[in-house]
Structures are given as structure tokens and as C-alpha cells.
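Note sheet for the following structure.
The values are calculated or read from the model by the stated rules, or taken from the named source; none is laboratory data. Computed from a predicted structure; not experimentally measured. Heads up, the Cβs are rebuilt from the backbone with ideal geometry, glycines too, and the neighbour counts pull from every protein chain shown. Just so you know, the surface numbers come from the protein's heavy atoms only, side chains and all, with ligands and any DNA or RNA stripped out. Shrake-Rupley method; radii C 1.70, N 1.55, O 1.52, S 1.80 Å.
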Amino acid sequence: MMLIPNHHFRDIERKPEYLQPEKCAPPPYPGPAGTMWFIRDGCGIACAIVTWFLVLYAEFVVLFVMLIPSRDYVYSIINGILFNLLAFLALASHCRAMLTDPGAVPKGNATKEFIESLQLKPGQVVYKCPKCCSIKPDRAHHCSVCKRCIRKMDHHCPWVNNCVGENNQKYFVLFTMYIALISLHALIMVGFHFLHCFEEDWTKCSYFSPPTTVILLILLCFEGLLFLIFTSVMFGTQVHSICTDETGIERLKRKQQPRERRGTWKAVTETFGGSFSPNWFNPLSGPCQPALRDEGWVRQLVSSDNMESTTEEQSEDQVEEQSEERKDEDSAEMTDN
């Protein structure tokens, strides 16, 4: 398949009524480095609270219904340590996915002064999101919940109250993986506990009454099965997206436009932060390279487009048609329900 430069497939917004940098407000003063990212969305905050509640509920049932009352101390200690470690990693991954900037494009930087400072060569163009008045790189999409354009946006996930994008996809993958693992672990322990209680007296296998014990275990079993299926599917989808270098939005829109894709191993190492190491599974470790800020990635983008500008050209009608398709695409965002 012939590779065609990315910039031919981006919306070249040449219409004066669409790209008007002089109408953009000056970009806001950037906050201090390390400022916490948090989306003030009521639905997302509620979903995040429910996520923590369900994990803590599973923690309560595992410890106080199954492990602490058990007479097999070795079994209780080993499973208690394993379950609590997985739960800690899951919640840590959730926090990092929720509080990490997913790759937001600097807002309001499509000003006349800033564009002039880029010193564009004749024939070069910039691409702008009219909703947040930002210069937009390739594969970025506007999220109406975050109210920002997100680089390499996969989807907006209410369960982590954030978009899944270039900077936090690793944490989201780890979150789905660890939730799937603790769900599987809880289901296995519930199965063993039911077998033990059927063989023994129900009053001796739990500190709670038999009806209460059964209700708590059934609820945990239902929760574990539901989240095992859901997070396993999400984990597989995310891994597939990383390996194929195709985001969820790109796959949903079925934009089978030829473009140069990164190799599978390169895409995986860039997402998880370098060559294979235990840090791949550590939600407390950050990316191997700091993300470009403000005009850094803009200049890199312009330089990349300039190097590719000597290849095939398209007609003006084709460019405008793709521009209209891109506008329609950016008007919708993908969420996992």
C-alpha cells in the first residue's frame, strides 16, 4: 500500500469564515508545571466514585467474609496480600488515568501573533479547531466533555472521568488489566468459599449470619463477573488499538485512509515508556520522555509537514471535501458505557 503524507488527510481549513485567528482570545497564561488535571463533569465524578466504592466493597467482602474468618492462615495471608496488591495497583492506575493530562492541545493558541511567530514557509498551512481556537495536530479530536482537543484521542471514559489519549493510555490499560485480575481472583475465592461452607457449618465459615454471608458473596460474584467481562473486553480493545496504531475513534469512523503507521513494537514501547521492564506494569512510573508543551509540538508538527510537502498533491475539491468530513468527525466523541 502506497504511503501518503498525513497532512493530506487533515482538514486544511482555508476558508476565511472558518479559520480566523484574529478572533481568538489570547492563550491563557500556562499554569505551573505539574498542575493537576481534573475534569469537572458530574457524571464522570459519580462514575469514578462508584468505581472506588465497588473496589472497596470487594475488599470488605474478601477480607471480612472470606479471609479473616478462615482457619487456614497460609491461605488467608497469601490471598490477602495478592488481592490487596492488585487492588492498590488498580486504584493507583485509576487515579493516574483520571488525573493525568491525556494530551490536551494548548487552548486558544491559534492567534495571529502566534501563527506569525511560527514563520511558516509559503504553501504551509496550520489546522485549527474552531471550538477551542487551538492549532490542532494530526489525529487529534475535540472532546465536548473535556472541552479540549486531545492528541491521539481514543475515547472519553466516564469511569475514569477523563479522555484516554496520548499521555494516559498506559494508565487506562493498566486499570482495566488490574480490575480484570482482581475480579477473577475474587470469583475464584468465592467459589472456594462456597465449597468450604457447604462442607462445614455455615455458622463457622463467616462472622456474619448465613443469609447475610450468602447475599454478600452473591453480590460480589455478580460484580466480579460483570467487571471481569467488561474490563477484559476493554483491555483487549486497547491492546489491539496500540498494536495496530489505530485509535477507537479512527476505527469507529472507518476512515480507511492510507497513512504511515508505526510498527507494533515501537507503538507499544512508546505507550508504556521505553523498552520492556517492570515499569510497564507500574502505574506510578511516568513516560520515558516528557510531553512537548505549547509551541514545542506545534513547531515539530510544522517541521514534519514541511518535510512531507514534496510528495503528491490533491485537488482543491478533494481537500475541501475531506475538511467537511473532518469537521463532522470532530463533532462526535466516543465513550465507553
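Kindly flag which residue pairs out of Lys112/Lys152; Lys136/Lys253; Lys121/Lys170; Lys121/Lys253 have an alpha-carbon separation exceeding 28 Å in this structure. Don't skip to the answer; put the middle values down first.
Working: Lys112/Lys152 26 Å; Lys136/Lys253 19 Å; Lys121/Lys170 37 Å; Lys121/Lys253 33 Å.
Long pairs (Cα-Cα over 28 Å): Lys121/Lys170; Lys121/Lys253.
For the range 173-258, what does the relative contact order come out to in percent, with C-alpha contacts under 8 Å and a separation of six or more? It would help to have the intermediate numbers written out before the result.
Details: 44 pairs, mean separation 39.4, N = 86.
Result for the range 173-258 is 46 percent.
Under the 0.36 nm per residue contour assumption, what length would be gained going from the current alpha-carbon distance of Val74 and Ser209 to full extension? Before the final figure, lay out each step's value.
On the way: separation 135, 0.36 × 135 = 48.60 nm, distance 2.46 nm.
So the chain would gain 46.1 nm between Val74 and Ser209.
Measuring from centroid to centroid over Cα atoms, what is the spacing of the range 141-210 and the range 55-90 in Å?
If you average the Cα positions of each part, the centres end up 16 Å apart.
Taking a probe of 1.4 Å, how large is the accessible area per residue of the range 55-157, in Å²?
Numbers: 4210 Å² over 103 residues.
With all protein chains present, the range 55-157 gives 41 Å² per residue.
Rounded to the nearest 0.05, what FRET efficiency do Glu200 and Leu82 give with R0 = 22 Å and r taken as the Cβ-Cβ distance? Could you check?
Details: r = 24 Å, r/R0 = 1.07.
Calculated transfer efficiency: 0.40.
Which value results for Rg/Rh of the range 112-268 when Rg is the Cα radius of gyration and Rh the Kirkwood radius based on the inverse mean 1/r?
Working: Rg = 23.8 Å, Rh = 19.5 Å.
Rounded to two decimals, Rg over Rh is 1.22.
Using 0.36 nm times the number of residues separating Leu56 and Leu118, minus their current alpha carbon distance, what extension gain do you get? Let's see the in-between values first.
Working: separation 62, 0.36 × 62 = 22.32 nm, distance 5.07 nm.
The Leu56-Leu118 span can extend by a further 17.2 nm.
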